[in-house]
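To keep things clear, I will list the structure first and then write my remarks on it.
The values are calculated or read from the model by the stated rules, or taken from the named source; none is laboratory data. Not measured: the values here are computed from a predicted model. Cβ placement follows ideal geometry from the backbone for every residue including glycine, while neighbour counts extend to all protein chains displayed. To get the accessible areas, we keep the full protein, side chains included, count just its heavy atoms, and leave off ligands, DNA and RNA. Shrake-Rupley method; radii C 1.70, N 1.55, O 1.52, S 1.80 Å.
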Amino acid sequence: MSLDRHAGQRCVQPERVERANQGAMTTNDFPSLAEALLPSVLAAGAVEMRHHAAGVTVETKNDSSPVTVADREAEAILLEGLRTAAPGVPVVAEECVAAGDVPVKGSAYFLVDPLDGTREFIKGSSEFTVNIGLVVDGVPVFGMIYAPVIGALFVTLGRGRAVETAIRVDELAPSLTNRPLKDLATRTPDLDALIVVTSRSHRAESVEAFLAGYAVAEVRRGGSSLKFCQIARGDADFYVRLGPTNEWDTAAGQAILIAAGGCVTTLDGTPLPYGTTPDMINPPFVAWSRAPIAPSKR
């Protein structure tokens, strides 16, 4: 195992791939997986909260994106949690990939974005999240998203069930058992008065041109994977992203949205793919509350 020189976390290596299709991941036991990962997710959120309060030094990665020590420390916690919860399943983690450590993925693998919304985090905003997604046969099937500032957890508990609950980063012996869970369900869009969410940090003229084809009543700007969660809980109709993103940015949110009744597609209406390109960069995509909506004003 190689070591990430910045944080000391051990990144998952290709020799684990032969076990990737064995064990718990083939059982679809998402409640047990969520329970097993919850302590690590909260611990990662607690680390981020400490740095969020104290301020952080910002570095720039080779792809010109920012990174902080909070990203790396949170990732180390999540990697250890995944090794315990799902031994043998490869993990593609953002900062490990940036350090050149990319495992052979196999048909089942985790995607980890330890601090989604780093730009918002650096600005002192509350709109950052901890993201874990599980991809099986090219489809995100399990997602766990935690927003530590607001104490909101979003998670898939079945192929057709995603829930939201409130939980603090400092909760002792955290468990989803006997906790109030609100089922997430997307809404039927009003084609004459659509509510759209867009990126707070990446709004572009191309997005404005895309939206011009729709009867948009309101545009809400937001950060991180919380945009997927807004659609999953029925607060908006779609989210368009035309700039570059990586698979770890979207997998958890896509899994949650699909379980809540929505979908995520490329601009030609096909499902957003995973594991098809070596760089793991997504094409432009739209996250929809239900089926894709054809433009009516072009």
### Query
Could you count how many residues in region 246-277 are not in a loop (DSSP other than H, G, I, E, B) and not hydroxyl-bearing (Ser, Thr, Tyr)?
17
## Note on the structure
Within region 30-50, the residues that are free of Cβ contacts under 8 Å to residues at least 60 places away in the same chain and not small (Gly, Ala, Ser) are VAL47, ARG50
### Message
Quick check on my filter: what residues within region 176-202 are of a type in the set (Ser, Thr, Tyr) and within 21 Å of the chain's Cα centre (by Cα)?
### Response
THR186, THR198, SER199, SER201
### Message
If I filter region 256-281 down to residues being within 16 Å of the chain's Cα centre (by Cα) and more than 25 Å from ALA185 (Cα to Cα), which single residue comes out as most open to solvent (accessible area, probe 1.4 Å)?
### Response
ILE281
### Summary
The one condition SER224 fails out of (1) closer than 18 Å to GLY133 by Cα; (2) at pLDDT 95 or above; (3) open to solvent by less than 20 Å² (accessible area, probe 1.4 Å) is (2)
### Query
When the residues of region 50-68 are filtered to those that are outside any loop (DSSP other than H, G, I, E, B) and open to solvent by 60 Å² or more (accessible area, probe 1.4 Å), which remaining residue is modelled with the highest pLDDT?
ARG50
### Query
surrounded by 13 or more Cβ atoms within 10 Å (Cβ to Cβ), among the acidic types (Asp, Glu) and out of contact with any Gly (no Cβ under 8 Å at 6 or more places or on another chain): does that describe ASP237?
yes
### Message
For region 242-295, give me each residue that is touching a helix residue (DSSP H, G or I) at 6+ places or on another chain (Cβ under 8 Å), within 23 Å of GLU208 (Cα to Cα) and of a type in the set (Ser, Thr, Tyr).
### Response
THR250, SER289
### Query
When region 231-245 is examined, which residues are found to be in a loop (DSSP other than H, G, I, E, B) and more than 16 Å from the chain's Cα centre (by Cα)?
GLY234, ASP235, ALA236, ASP237, LEU242, GLY243
### Query
Quick check: is even one residue across region 30-37 at pLDDT below 90 and either among the aromatic types (Phe, Trp, Tyr) or out of contact with any helix residue (DSSP H, G or I) (no Cβ under 8 Å at 6 or more places or on another chain) (or both)?
no
### Query
Just for region 202-218: of the residues that are open to solvent by 60 Å² or more (accessible area, probe 1.4 Å) and assigned to a strand (DSSP E or B), which one is nearest to THR245 (Cα to Cα)?
GLU218
### Task
Kindly list, by first and then second residue, each pair from a residue in region 179-196 that is more than 15 Å from PRO292 (Cα to Cα) to a residue that is surrounded by 13 or more Cβ atoms within 10 Å (Cβ to Cβ) and basic (Lys, Arg), limited to pairs with Cβ atoms under 6 Å and residues at least 6 apart or on different chains.
LEU184/ARG233
## Note on the structure
Here the residues within region 207-234 that are in contact with a Phe, Trp or Tyr (Cβ under 9 Å, 6 or more places away or on another chain) and in contact (Cβ under 8 Å) with a residue 40 or more places away in the chain are TYR214, GLY222, GLY223, SER224, SER225, LEU226, LYS227, PHE228, CYS229, ILE231, ALA232, ARG233
## Note on the structure
Exception for ALA287 within (1) assigned to a strand (DSSP E or B); (2) open to solvent by 20 Å² or more (accessible area, probe 1.4 Å); (3) closer than 20 Å to GLY160 by Cβ falls at (2)
#### Entry: region 182-201, residues that are in contact with a strand residue (DSSP E or B) (Cβ under 7 Å, 6 or more places away or on another chain), at pLDDT below 95 and open to solvent by 20 Å² or more (accessible area, probe 1.4 Å)
ARG200
### Task
Answer yes or no as to whether ALA98 is out of contact with any helix residue (DSSP H, G or I) (no Cβ under 8 Å at 6 or more places or on another chain), in contact (Cβ under 8 Å) with a residue 24 or more places away in the chain and more than 23 Å from ILE256 (Cα to Cα).
yes
